[in-house]
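The structure appears right after this line, and notes come after that.
The values are calculated or read from the model by the stated rules, or taken from the named source; none is laboratory data. It should be emphasised that the depicted structure is a prediction, and the values quoted were computed from it without experimental measurement. Counting neighbours? That spans all protein chains shown, and the Cβs are built from the backbone with ideal geometry, glycine included. For the accessible areas, the whole protein counts, side chains as well, though only heavy atoms, and no ligand, DNA or RNA atoms are used. Shrake-Rupley method; radii C 1.70, N 1.55, O 1.52, S 1.80 Å.
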Amino acid sequence: FPELLPYQFEKAEVTVHIGKTPKSIEGDDVLHKVSVSMSPNQYLLHLLNIANYYAANGNQIVIEPLQGSDENSLRLFALSNAFSAILYQRNSILLHASGVFFKHGVILFCGNSGAGKSTLITALQQKGYQVFTDDVCVLQPQLDNSIKVIPSYPMIKLWEDSFTKIGISDWGEKKRIRDHLPKYAHYFHNQFITVPQNVLQLFVLDNSHTNSLDVQINQLTALEAFDIVEKNSYRQLQMIMMKKRKLHFKQIALLINGLPVYKCNRPESENTIDTMIAKIENCFV
């Protein structure tokens, strides 16, 4: 896993190995969808032409590669699906957010896939901001009932057309995250900080349902903030099927308590990255 950091340990918290996964998982607490089955302590995913993934008890992952699979895809879905299942099994709540460092904490950008989180933090990185995380972070409750966040791993994933939007001609050695997919990985291991951070502000990116020709940023009320942030859990189906709703509700409520939350609307078809950054920076405190 070149995406991850080397780490010295005496006993592994989670083991990952290649092997045979169960054909199915059964039980009164198991829920089934088309290609996935889940319970609070088991997760089984079948991905055609890639692999079967089995995650159990918060401490083991089995990957069964299928004919035609490639190593990049095997790792990608292990990190994005199997490891998120492990974290939910360990009662961690995941937020679908990217972020950058600012002053004594971090600023997070939530949004669905395609909302522009990775493009935004890459553009901010070009301006001198240090990247905290791309796409996902983990909530960590504190003894004082506050919430800090932990980054995922030191890799930004960017679609090819984003290079033009940001004006990047040289992004270092670009690596496709999957064969034949125009999406590339950029590692930032040397700048990666794993210490839990305070969240200073949160922006929710929304490029849908707007007739505006310009970027609009509006601060949300506490009720509006909770309603929109709780919908931005990472792998929400996992959270629901693994029966983590109560825990999720509590931690999101703690996260947004007193936190400035903004909704950022932008035209979907326009390249508004410079305008959006300027308006977002005006909100930084």
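Here's the picture: a label point sits 7 Å out from the Cα of Lys243 along the beta-carbon direction, and within the range 4-48 the residues with their amide nitrogen under 13 Å of it are 27-31, 38-42.
Rg of the Cα atoms in the range 1-152, relative to 2.2 N^0.38 Å, amounts to 1.16.
Computed over every Cα-Cα pair of the range 84-231 and binned at 5 Å starting from 0, the pair-distance distribution P(r) comes out as 2, 8, 17, 22, 21, 15, 10, 4, 1, 0 percent.
Ignoring lysines fewer than eight residues from Lys263 along the same chain, the ones with Cα atoms less than 16 angstrom from its Cα are Lys117, Lys231, Lys279.
Against the main long axis of the alpha-carbon atoms of the chain, helix 117-126 sits at an angle near 60°. Using a simple spin-label model with pseudo-atoms 7 Å out from Cα toward Cβ, Leu181 and Lys250 lie 3.5 nm apart. Here the spin labels are modelled as points 7 Å beyond Cα on the Cα-Cβ line, and at Leu66 and Gln8 they lie 4.2 nm apart. A quarter of the convex hull surface defined by the alpha-carbon atoms of the range 222-278 gives 5.2 nm² as the mean projection.
Per-atom-type breakdown for the chain gives carbon and sulfur 49% of the accessible area (1.4 Å probe, protein chains only).
Ordered from largest to smallest accessible area (heavy atoms of protein chains, 1.4 Å probe), the residues Ser24, Ser169 come out as Ser169, Ser24.
Helix-only arithmetic for the chain: the sum of -39500 (n - 2.57) across DSSP H runs with n ≥ 4, divided by the residue total, places the mean residue ellipticity at 222 nm at -6500 deg cm²/dmol. Loop by DSSP (not H, G, I, E, B), at most 12 other beta-carbon atoms within 10 Å: where is the longest site-free stretch of the chain for trypsin sites (Lys or Arg not before Pro)? Looking at the chain, 128-285 is the longest stretch - no exposed trypsin sites (Lys or Arg not before Pro) with at most 12 other Cβ atoms within 10 Å. Over all orientations, the range 116-191 has a Cα convex hull whose mean projected area works out to 6.1 square nanometres. Rolling a 1.4 Å probe across the protein heavy atoms gives the range 110-260 an accessible surface of 51 Å² per residue. Normalised size of the range 145-285, defined as Cα radius of gyration per 2.2 N^0.38 Å with N residues, equals 1.20. Computed from the C-beta positions of Thr194 and Asp144 and an R0 of 22 Å, the FRET efficiency is 0.55 to the nearest 0.05.
To the nearest whole percent, what portion of all C-alpha pairs in the range 15-92 is separated by more than 22 angstrom? Across the range 15-92, Cα pairs with separations above 22 Å total 15 percent. Dividing the alpha-carbon radius of gyration of the range 50-115 by the rule-of-thumb value 2.2 N^0.38 Å gives 1.40. Between the listed residues Cys264, Ala253, Met242, the Cα displaced farthest toward the positive end of the dipole of the range 230-285, a dipole computed from Cβ unit charges relative to the Cα centre, is found at Met242.
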